[in-house]
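Beneath this line is the structure, given in structure tokens, with notes to follow.
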Amino acid sequence: MRQVEYKQVTSARGSLLFLKGGNNAALGERVAIRDKDGQIRNGQVIRTSEDMVLVQVFESTANLDLENTWIRYLDQPFELPLSPDMLGRNFNGIGKPRDNRPPIVSSLVRNVNGAPINPSARAYPKEFIQTGVSSIDGLNSLVRGQKLPVFSASGLPHNRLAAQIVRQAKLPDDSSNFVIVFAAMGVSHSDAHFFETEFESSGVLRNVVMFTNLANDPPMERLILPRTALTAAEYLAYDLDHHVLVVITDMTNYAEALREIATEKGDVPSRKGYPGYLYSDLAEIYERAGRVKDRHGSITMIPILSMPSDDITHPIPDLTGYITEGQIVLSRELHSKSVYPPVNVPPSLSRLMKDGVGKEFTREDHPHVASQLYASYTRALEARNLASIIGAEELSGRDRRFLEFADAFENRFIMQGEDTERNIIETLDLAWELLSLLPPESLSRVSEAEIQKYHSWDETR
Amino acid sequence: MGSIVEVNGPLVTIRQDNIRNGEQVRLGKLGLVGEVISLHQDTALVQVYESTESLRPGENVIGLGKQLSVELGPGMLGQIFDGVQRPLNRILEMSGEQIARGLEVPSLDREKTWHFVPADKLAVGQQVCGGEILGTVQETETIQHRILVPPNTCGDIVEHACEGDYKIEDIIASVRNKNDQIEHLKMYHDWPVRTPRPYHSRTHSAMPLLTGQRILDTFFPLLKGGKAAVPGPFGAGKTMVQQQIARWANADIVLYVGCGERGNELVDILETFPELTDPHSGRSLMERTFLVANTSNMPVVAREASIYVGVTMAEYYRDQGYDVVMVADSTSRWAEALREVAGRLGQMPVEEGYPAYLASRLAAFYERAGNVNTMAKQSSGSVTLIGAVSPPGGDFSEPVTSHTKEIIRTFWALSKPLADARHYPAVSWTESFSDYQDRAQSWWAENVDHKWAKHRQYALSLLTQADELERIVNLVGPEALSSSQRWVLETASILKEGLLQQSALDEIDSYCSPAKQFKMMDIMLRFHETGKELIKLGAPVEQLAQLPENGKIRRIKSVFTNDQLSDMENFAEELFEHLDCMRAEYAGAKEVQA
């Protein structure tokens, strides 16, 4: 660490400080900024040359002047001290305690930016996680090491769904619990409070590390928060052998903060004013999920994002969908019909499901049943569409059965209480019960043997 | 030695004398590798393939005196390389699960020995020139690697190695060139990635690239040496389509370039391919496959390079006389890497922030596909390029998709509504096209059935008719349609479920031979024709739609394997016998009425 403090600020704007005289600062180097009252702020070098340095200030530049601001270069990148004592604690984006308890002291520190995982070091995620939610387990199964975001929108119960998953997630034959890393960016005080009480009441609080940045905290801090949280998650997973479930909310706030800072820096905007590197930037976060060969622990990630004006083609959900391994999309329509969780089945997807379900992990008919439910529900939605034009009475007998199936599927399969936990066998049995509303010749995705075994078709009904 | 002037993300300004545009440099204490992209008076701008964090102004710069090149020689198959051709397995051994920076790793294994067999005509005094075969080594069980004279070398052999085991650094031949200098040739040589490798002449083959996927082979065929694009929004199944092609294509060599995509997808290939059997050679798929991986979290500049690194390696196997398929997933991420660098350079953005040279770069890249007679005229080879495109929001009018569409000849458009209904592969039959269909036709006529072109046309017209009719149904209800129109809808649904949908996960259905593809289509169209006659004779559509045959026909794809076509034939005979009985009944009834 250099002992010298420099007084060289030439301009301060938003969260950026321009310093003249380069002092050969390193890119990404951490700096301490002392203002006229002796308060210390944290910053990071984001551009450096022989005669100029650009510093990003996490706490914003409000109340700084050009005369009485001193800069000290700390000669180190942004690092997070790591220790098992982090469990049960609450930190801000740069790893400072928010819970009025002492800071973490440890000789083990890591750069929060991490380094890309070597693809040939990865192990392919395969182990089925039972969330106890039928619309996820049955249709879009989550596996250990997957990144599966929830695409939500304002007013939809994504927080309740996330809390339910945190409460219920387990491997079917394994009682060991997940350790939770919870990263909240730009959330409201009430949302943060909801999760805190949730964790407390379900008794998992001791296994949770929280990183919180509230809506009125500086946006700049949101850019580093998920990186800090994931550094902690990697430590818990790969050093301490835990299975870690990372819940990140809300990625939309993150991306908006990124846009805010990018605009300040004068980056060329691409779509909707977001910088061209939004994709790479999001990937740096999402790709830190996964499993690594020869390590016991794993990182499973559930990022939550709200789609601005319910638009799934907006750059944030769009680019997220290109990086993550599927998505759970919530539907306003189902929500208004009081279906909880309002999972919009057709656009939801889990890419890793194909290798994590079936004979070895759940039940042999699972992949076919899921595919059949999709096909039948899509067909049923077409019938419902038709019924809204020509009236349900005009439908053929076959179409009326599909109509009936659509209602039953929504009200019995998708809908389940917040406290209802269905294991995977219950979910699959329920699926067959509903498929039995349809004649066997309309089921082309399941095999004849499976129809024999599970389908109870009653012609006369 | 030069020094760093400024660090701005992946772009570094350096002060260095005698540096050339395109030259590679090593930067700072870590020795990060980059490439000069522009020169200005005494400074040069460098794009760096690795993260520039902790780099400082004032640190040293060393020019490496060569352009970004790849090493071409035995030992590439079965490997996974990063975007600048560093072997990821070696990196794993050196730096653990996270990729450290500034590592210096040779691309090809220096220690491995190969059994070299000299070519028959290799003799002292013999003149050899670029592209000629010096000898061979068996790279994998199936692939014989032909050691080539580097393209720019020509001269008389003064010395050469005999048959035996050699490492790739060993000299296997020395030639005296026309300047009277001795050049030593090893089993590998370097080639700059941004320069296409030379060949003798282009040829035009009519050999289709068969992928075993019905919607691709039968409806929108691609030829060896052709260029194709697979655009689709996220979740439409681009990666699955690309992986299926990589698995089953009837090529000699398959190169999969993961450009800015998910790490787990590459692991999936690495874990599953060794266990799968190539239907054409009967050997493990990994013996003919290799990968280039720049996942989305790896540095963006190396992503830009990875496409060129890949295509250069593909061309090298082409020059040995092989048919190579390169699958690039996804070219949009490559274009975004271009955009990111252009943005930092302050270049004028034209469309959606992309630089003006996007279209010309894309065209130049796809132009590296083709069928060629190799330099030494002894054989021909091909490079087929298949690029995935990831249009933002699934909007095909965005710059990368629209430019690509003008360049490629086969367009496999993926549709979100189809994927949402789990209709896989979600290739849309209305938006896709193939310019190669006329040339593919002659192959199918010769090798499978001369009715192929007619059947294909008929099936496509039924599908488009059905789309039209469905629009009517959605406006006024099914009652407005005539019986024969409703039968068209029914057949289209059989075609969609029974023929177009194909499960990559189903052991029997994953690969469908051309003969089976045709047979299935033939049965379905015959079913349609017979149904049409029955309806004319007064059979109600509902009765036909509820026939148990209806369900069976949809399942033939996963009931009969590629070797059980005669069983399929028998099944069809039984089916049509039953329908003939029905026809006789209705015809009889009609006569009675009359």
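Here residue A:359 clears all of (1) in a loop (DSSP other than H, G, I, E, B); (2) at the interface with chain B (Cβ under 9 Å from one of its Cβ atoms) except the condition numbered (2).
So, of the residues in the stretch A:110-154 that are of a type in the set (Gly, Ala, Ser) and more than 24 Å from residue A:226 (Cβ to Cβ), which turns out to be nearest to the other protein chains (Cβ to nearest Cβ)? Out of the qualifying residues, it is A:120. Filtering A:254, A:286, A:235 for residues that are out of contact with any Gly (no Cβ under 9 Å at 6 or more places or on another chain), more than 10 Å from chain B (Cβ to nearest Cβ) and among the aromatic types (Phe, Trp, Tyr) leaves a single hit, A:235.
When residue A:456 is tested against the conditions (1) within 14 Å of chain B (Cβ to nearest Cβ); (2) more than 36 Å from the chain's Cα centre (by Cα), the lone failure is (1). In the stretch B:573-589, the residues that are on the phi < 0 side of the Ramachandran plot form Cβ pairs under 9 Å with partners that are exposed (fewer than 15 other Cβ atoms within 10 Å of the Cβ) and outside any helix (DSSP H, G or I), at six or more places apart or across chains, as follows: B:586/B:538; B:589/B:538. Filtered by the rule that a residue be outside any helix (DSSP H, G or I) and closer than 30 Å to residue B:6 by Cβ, the stretch B:309-350 gives B:345, B:346, B:347, B:348, B:349, B:350. In the set (1) within 8 Å of chain A (Cβ to nearest Cβ); (2) hydrophobic (A, V, I, L, M, F, W, C); (3) assigned to a loop (DSSP other than H, G, I, E, B), residue B:76 fails one condition alone, (1).
Remark: pairs (first residue in the stretch B:138-155, not assigned by TED's automatic domain parsing to the domain that holds residue B:166; second residue crowded, with 22+ Cβ neighbours inside 10 Å; Cβ separation under 6 Å; 6+ apart in sequence or on different chains) are absent. Candidates in the stretch B:335-363 are the residues that are at the interface with chain A (Cβ under 10 Å from one of its Cβ atoms) and basic (Lys, Arg); of these, the one that is farthest from residue B:305 (Cα to Cα) is B:344. Only a single criterion out of (1) over 14 Å from the mean Cα position of the chain (by Cα); (2) at pLDDT 95 or above; (3) hydroxyl-bearing (Ser, Thr, Tyr); (4) more than 20 Å from residue A:427 (Cβ to Cβ) is not satisfied by residue A:120, namely (2).
Taken as a whole, the condition of being closer than 23 Å to residue A:319 by Cα, surrounded by 22 or more Cβ atoms within 10 Å (Cβ to Cβ) and of a type outside the set (Val, Ile, Thr) does not apply to residue A:121.
Within the stretch B:1-29, the set of residues being closer than 25 Å to residue B:308 by Cα and either assigned to a loop (DSSP other than H, G, I, E, B) or aromatic (Phe, Trp, Tyr) (or both) comprises B:9, B:10, B:19, B:20, B:21, B:22. Taking residue A:90, is it farther than 30 Å from residue B:27 by Cβ, of a type in the set (S, T, N, Q), surrounded by fewer than 15 Cβ atoms within 10 Å (Cβ to Cβ) and away from chain B (no Cβ under 14 Å)? Answer is no for this residue. Counting residues in the stretch A:100-112 that are of a type in the set (Ser, Thr, Tyr) and out of contact with any Gly (no Cβ under 9 Å at 6 or more places or on another chain) gives one or more.
Quick check on the stretch B:71-94: of everything there that is surrounded by fewer than 22 Cβ atoms within 10 Å (Cβ to Cβ) and of a type in the set (S, T, N, Q), which residue is nearest to residue B:189 (Cα to Cα)? Step by step, filter the stretch B:71-94, then rank; the result is B:79.
For the stretch B:422-504, the helices (runs of 4 or more DSSP H) that sit wholly inside it and include 1 or more residues that are among the aliphatic types (A, V, I, L, M) and surrounded by fewer than 17 Cβ atoms within 10 Å (Cβ to Cβ) are B:437-447, B:452-476. Within the stretch A:42-67, can you find the residues that are more than 25 Å from residue B:4 (Cβ to Cβ), touching a Leu at 6+ places or on another chain (Cβ under 8 Å) and not hydroxyl-bearing (Ser, Thr, Tyr)? The one that is more than 25 Å from residue B:4 (Cβ to Cβ), touching a Leu at 6+ places or on another chain (Cβ under 8 Å) and not hydroxyl-bearing (Ser, Thr, Tyr): A:64. Filtered by the rule that a residue be within 16 Å of the chain's Cα centre (by Cα), part of a loop (DSSP other than H, G, I, E, B) and of a type outside the set (S, T, N, Q), the stretch A:126-160 gives A:144, A:145, A:148, A:149, A:153, A:156, A:157. Just one of the listed residues (A:319, A:381, A:305) is more than 7 Å from chain B (Cβ to nearest Cβ), buried (at least 23 other Cβ atoms within 10 Å of the Cβ) and in a helix (DSSP H, G or I), and it is A:319.
Residue by residue through the stretch A:199-230, note down the ones that are touching a Leu at 6+ places or on another chain (Cβ under 9 Å) and either within 15 Å of residue A:159 (Cβ to Cβ) or not in a helix (DSSP H, G or I) (or both). Passing the criteria: A:199, A:208, A:209, A:211, A:212, A:213. For the structure I just gave you, tell me whether residue A:334 is farther than 23 Å from residue B:268 by Cα and either away from chain B (no Cβ under 13 Å) or in contact with a Cys (Cβ under 9 Å, 6 or more places away or on another chain) (or both). Yes; evaluated as a whole, the condition is true for this residue. Note on the stretch B:194-304: enclosed strands (runs of 3 or more DSSP E) holding 1 or more residues that are within 13 Å of chain A (Cβ to nearest Cβ) are B:227-231, B:253-261, B:289-295.
Candidates A:247, A:292, A:268: the one that is under 19 Å from the mean Cα position of the chain (by Cα) and either at negative phi or outside the structural domain of residue A:124 (by TED's automatic domain parsing) (or both) is A:247.
Scanning the stretch B:400-421 for residues that are small (Gly, Ala, Ser), more than 17 Å from residue B:463 (Cβ to Cβ) and either surrounded by fewer than 23 Cβ atoms within 10 Å (Cβ to Cβ) or not assigned by TED's automatic domain parsing to the domain that holds residue B:236 (or both) yields one hit, B:402. Just to be sure before I move on: is residue A:12 in a loop (DSSP other than H, G, I, E, B) and without any contact (Cβ under 8 Å) to a residue 60 or more places away in the chain in the structure I sent? In short, no.
Of the listed requirements (1) under 24 Å from residue B:12 (Cα atoms); (2) aromatic (Phe, Trp, Tyr); (3) crowded, with 18+ Cβ neighbours inside 10 Å, residue A:18 misses just one: (3). At positive phi, modelled with pLDDT under 95 and of a type in the set (Ser, Thr, Tyr): does that describe residue A:309? Against the criterion (at positive phi, modelled with pLDDT under 95 and of a type in the set (Ser, Thr, Tyr)), residue A:309 qualifies. Of the residues contained in the stretch A:272-280, one or more are found to be more than 8 Å from chain B (Cβ to nearest Cβ), free of Cβ contacts under 8 Å to residues at least 60 places away in the same chain and among the small types (Gly, Ala, Ser).
The values are calculated or read from the model by the stated rules, or taken from the named source; none is laboratory data. Treat the numbers as computed from the prediction; the structure is a model and nothing was measured. With ideal geometry, Cβ positions are generated from the backbone for all residues, glycine too; neighbour counts draw on all protein chains shown.
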